[in-house]
């Protein structure tokens, strides 16, 4: 894929869709491409995350260990999905295992690159804070809805 294709892909990711193409170009230029074969793991639950991934093509399944210790399907994701967004700003543990369901491609965005972007362009930090707050509020709303089912 070309740099312009990568910029177009990044612009579809909710975390990045309000960032100008010039700044997305810097992220795309610094990102690494990785191809995965069907059945290949991208990362494993419980490992430390030093980067986020954007799914550029294919399909990945996300699984997490259930209470019984067996893996359970969390989601199936495709193009434009950002995995482990919190890893862009802080050391976090992977909450699930990501495995290519089909031949897939991802863009790896490391934390160091993203921190440089935040230093040079503080407005990106403000956008990130807004997005993370929205995601957190959405998660709380989903938990509150679930709580009503078990009360």
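The values are calculated or read from the model by the stated rules, or taken from the named source; none is laboratory data. Keep in mind that this is a model prediction, so the values were computed, not measured. Cβ atoms come from the backbone with ideal geometry, glycine included; neighbour counts cover every protein chain shown.
Residue pairs whose Cβ atoms lie under 6 Å apart, separated by 6 or more positions or on different chains, with the first residue in the range 124-151 and more than 19 Å from residue 89 (Cα to Cα) and the second modelled with pLDDT of 85 or more and loosely packed, with under 10 Cβ neighbours inside 10 Å, do not occur. Scanning the range 83-109 for residues that are outside any loop (DSSP other than H, G, I, E, B) and either over 20 Å from residue 13 (Cβ atoms) or at pLDDT 95 or above (or both) returns 83, 93, 97, 98, 99, 100, 104, 105, 106, 107, 108, 109. Quick one: would you say residue 146 is part of a helix (DSSP H, G or I) and either touching a strand residue (DSSP E or B) at 6+ places or on another chain (Cβ under 6 Å) or surrounded by 15 or more Cβ atoms within 10 Å (Cβ to Cβ) (or both)? Taking the combined requirement at face value, the residue does not satisfy it. Just checking, does the range 119-131 include any residue being within 21 Å of residue 62 (Cβ to Cβ) and either modelled with pLDDT under 85 or not in a helix (DSSP H, G or I) (or both)? Taking every residue of the range 119-131 in turn, at least one turns out to be within 21 Å of residue 62 (Cβ to Cβ) and either modelled with pLDDT under 85 or not in a helix (DSSP H, G or I) (or both). Taking into account only those residues within the range 17-41 that are part of a loop (DSSP other than H, G, I, E, B) and touching a helix residue (DSSP H, G or I) at 6+ places or on another chain (Cβ under 9 Å), which is nearest to residue 81 (Cα to Cα)? The selected residue is 17.
Checking each residue in the range 2-35 for being exposed (fewer than 15 other Cβ atoms within 10 Å of the Cβ) and either within 18 Å of residue 125 (Cα to Cα) or touching a residue at least 60 places away in the same chain (Cβ under 8 Å) (or both) picks out 12, 14, 17, 18, 20, 21, 22, 32, 33, 34, 35. Candidates are the residues of the range 47-77 that are outside any strand (DSSP E or B) and modelled with pLDDT under 95; the one that is nearest to residue 24 (Cα to Cα) is 50. All of (1) at pLDDT 90 or above; (2) in contact with a helix residue (DSSP H, G or I) (Cβ under 7 Å, 6 or more places away or on another chain); (3) not in a helix (DSSP H, G or I) hold for residue 14 with one exception: (1).
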